[in-house]
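Step one of this worksheet: look at the structure below.
Nothing in this text is a laboratory measurement; each read-out follows from the coordinates by a stated rule. Predicted model only: the values in this text are computed from it and were never measured. Quick reminder, even Gly has a Cβ in these numbers, built from the backbone with ideal geometry, and neighbours come from all protein chains shown.
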Amino acid sequence: MDTSLPQLLYLLATALFILGIKRLSKVKTARSGNGLAALGMLLAIVVTLAAPGAVEIEGVLRPIKLSWQMILVGLAIGAGIGALMAKRIQMTGMPELVALLNGVGGLASTFVALSEFWGRDFGADVTSQNVILGGSVWAVAIILSVMVGTITFTGSLMAMGKLSGKISGNPVVLPGRHILVAGLLFGGLACGYLAGFDANNNADVLMYGLIGCAALFGIVSVLPIGGADMPVVVSLLNSYSGIAASMAGFVIGNPLLIVAGALVGAAGMILTVIMCKAMNRSLLHVLIGGFGGDTASVGGTDATDYEGIKSAGPEEAAMILESATSVIFIPGYGMAVAQAQHVVKELGVELEKRDVTVRYAIHPVAGRMPGHMNVLLAEADVPYEQLWELERINADFKTTDVTVIIGANDVVNPDAIDNPQSPIAGMPILHSHESGTVLMIKRSLSPGYAGIKNPLFERDNCYMCFGDGKEFLSEILTELKEG
């Protein structure tokens, strides 16, 4: 293959990545954007393997021999695991899967950097020009790739554990954690500097020290972050995985990996900032604030903490919807747990047959990962034009007859507006409380991830619909069809 051809194909792959990310920014084009990005990645893999020198890369001091058999085995194993996960994963498990994939991406970057690091002979003549060059840009790239990649891996495993419930979603604040975090950070950087710039017989030991500090840093930095901030954490870890990949690109001298990693890192950081704004929290507060858990930290968790609660069964809820001319559905994590997205779509279609205007209000941090609700509703084939973002729909709640909330809590809590002392004060919410009637479908009066009471439950226009989201909505749908 002509050496200029791979560069042109890399450029084409980069264009596909950029176009794919651009199309991911809109719900209507997200699916095609994902396909374009996947096509770019396939092209990148094929070009990399077919390029001259693919199986014999000249290292700083000695060539690195690669085996085609090993490459093919690796591709087969990776493709098999990916296909199996994609086939078997439930939509409720998507947040955990995204967190895991972020971690695996970080670990891959760490292994790439380590393979290059161990492929160099630090016992050789360090006055060699090659080693001097290797001790600058190359060493910095190695250090950052290993450090950020390892932090991403262990931090993502912690996030996955919190999202899946295997680790408590409550903030776990260790004594003197700021000192511990600072010590691990600077300790890891010191080990990396000595391993990369002060080449000696202890280089491998120092690199292990860097890995250990980075691994502990990832764990300790995610432990104090509560469940309410998990969507932001997942987005941030995604950015980290891109940064690690970009550094790995510098390590092996692959321009496409540099560009692709930078794109992921930048996109992830932009999304993180957007998510923080949606919660009215700074990134620093997310990392050190310890906000939100799986049990209440403020306010109550049962009926004794609420007064004047009104409830409605499926028959009453159906009667309320029968008289409506406009309905807004607000999906939350409860919808994901109940796998109720298809029933929501069916109910929406049934209401449309009765000339009811139906829309879906999407909060940026609803669920447990960025875009969680969009993914679920897209799976149910809800029309893209019916999905409305917070900024576009909030002014319309005042003229909406009925708002149906399925398992959302914190994103509709009016305390964010009415109570300056609330932990979520200032957080942009969906103004569901302004609609004529609110049907709040929840299993109980338990708090959301923020762990605080929701005054919406006590409002005169709110009816609590207790039960599993899918079952309750199915009963409403049956009542409407039989009515």
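Name the GluC sites (Glu not before Pro) in the stretch 299-368 that are in a loop by DSSP and that have at most 10 other C-beta atoms within 10 Å, would you?
Numbers: sites: Glu307, Glu315, Glu316, Glu322, Glu346, Glu350, Glu352; in loops: Glu307.
Here the sparse-neighbourhood loop sites are Glu307.
Can you check how the C-alpha radius of gyration of the stretch 341-391 compares to 2.2 N^0.38 Å, as a plain ratio?
Values: Rg = 11.2 Å, N = 51, 2.2 N^0.38 = 9.8 Å.
So the Cα radius of gyration is 1.14 times the expected 2.2 N^0.38 Å.
With r defined as the distance between the Cβ atoms of Phe111 and Ser4 and R0 fixed at 35 Å, what FRET efficiency is calculated, to the nearest 0.05?
That pair, Phe111 with Ser4, gives E of 0.70.
Place a point 7 Å from the Cα of Gln421 along the Cα-to-Cβ direction; which residues of the stretch 439-480 have their backbone N under 14 Å from it?
Under cut-off, by backbone N: 453.
So how far apart, in nm, are the two label points at Ala79 and Leu42 if each is 7 Å from Cα heading toward Cβ?
1.0 nm
Test of understanding: what is the full-extension gain from Leu11 to Ser32, defined as 0.36 nm times their sequence separation minus their Cα-Cα distance? The partial results should precede the final answer.
Details: separation 21, 0.36 × 21 = 7.56 nm, distance 1.98 nm.
Value of the extension gain: 5.6 nm.
Holding the Cα-Cα limit at 30 Å, pick out from Lys345/Lys398; Lys87/Lys481; Lys87/Lys277 the pairs that are longer than that.
Working: Lys345/Lys398 23 Å; Lys87/Lys481 34 Å; Lys87/Lys277 34 Å.
Flagged as over cut-off: Lys87/Lys481; Lys87/Lys277.
Taking the simple approach of a point 7 Å from Cα along Cα-to-Cβ for both Asp460 and Arg88, what is their distance in nm?
Placing both labels 7 Å beyond Cα along the Cβ direction yields 5.5 nm.
Assuming R0 = 30 Å, what is the FRET efficiency of Ala262 and Val173, from their Cβ-Cβ distance, to the nearest 0.05? It would help to have the intermediate numbers written out before the result.
Numbers: r = 34 Å, r/R0 = 1.13.
My answer for the efficiency is 0.30.
Along its principal axes, what span do the Cα atoms of the chain show, with the longest given first and each in whole Å?
Here the spans come out as 84, 53, 33 Å, largest first.
Please give the length that would be gained between Tyr384 and Phe186 if that part of the chain were fully extended, namely 0.36 nm times their separation in residues minus their C-alpha to C-alpha distance (nm, one decimal).
Details: separation 198, 0.36 × 198 = 71.28 nm, distance 4.75 nm.
Full extension from Tyr384 to Phe186 adds 66.5 nm.
Under 8 Å for C-alpha pairs, at least 6 residues apart: give me the relative contact order for the stretch 303-482, rounded to a whole percent. List each step's numbers first, then the result.
Details: 339 pairs, mean separation 55.9, N = 180.
With pairs under 8 Å counted, the relative contact order is 31 percent.
What order do you get for 9-18, 214-223 when each peptide is scored by the mean count of other beta carbon atoms within 10 Å, highest first? Can you show the working numbers first?
Numbers: 9-18: 18.5, 214-223: 22.1.
Going by the mean number of other Cβ atoms within 10 Å, highest first, we get 214-223, 9-18.
Could you check the simple spin-label distance between Ser446 and Lys481, using points 7 Å along Cα→Cβ, in nm with one decimal?
Between Ser446 and Lys481, the label points sit 3.1 nm apart.
R0 = 25 Å: FRET efficiency of Arg392 with Thr325, Cβ-based, nearest 0.05?
On the way: r = 20 Å, r/R0 = 0.79.
Taking R0 as 25 Å, the efficiency between Arg392 and Thr325 is 0.80.
What is the chain's relative contact order, in percent, from Cα pairs under 8 angstrom and six or more apart in sequence? Numbers along the way, then the final one.
Working: 865 pairs, mean separation 67.3, N = 483.
Over the chain, the number comes to 14 percent.
Kyte-Doolittle mean at least -1.0 and Cα extent at least 24 Å along the axis: which DSSP H helices of the chain qualify? Don't skip to the answer; put the middle values down first.
Values: long enough: 4-24 (30 Å, 1.39); 27-50 (35 Å, 1.32); 68-88 (30 Å, 1.22); 94-118 (35 Å, 1.12); 139-164 (37 Å, 1.61); 177-197 (29 Å, 1.44); 203-222 (29 Å, 1.94); 230-252 (33 Å, 1.52); 255-278 (34 Å, 2.05).
Within the chain the helices that satisfy the rule are 4-24, 27-50, 68-88, 94-118, 139-164, 177-197, 203-222, 230-252, 255-278.
Considering the Cα positions of the stretch 303-482, please state its Rg to one decimal place and its Dmax as a whole number of Å.
14.8, 47
Lys277 to Ile309: extension gain in nm, 0.36 nm per residue of separation minus the Cα-Cα distance? Intermediate results must be reported in sequence, preceding the final value.
Working: separation 32, 0.36 × 32 = 11.52 nm, distance 3.22 nm.
Full extension of this stretch gives 8.3 nm more.
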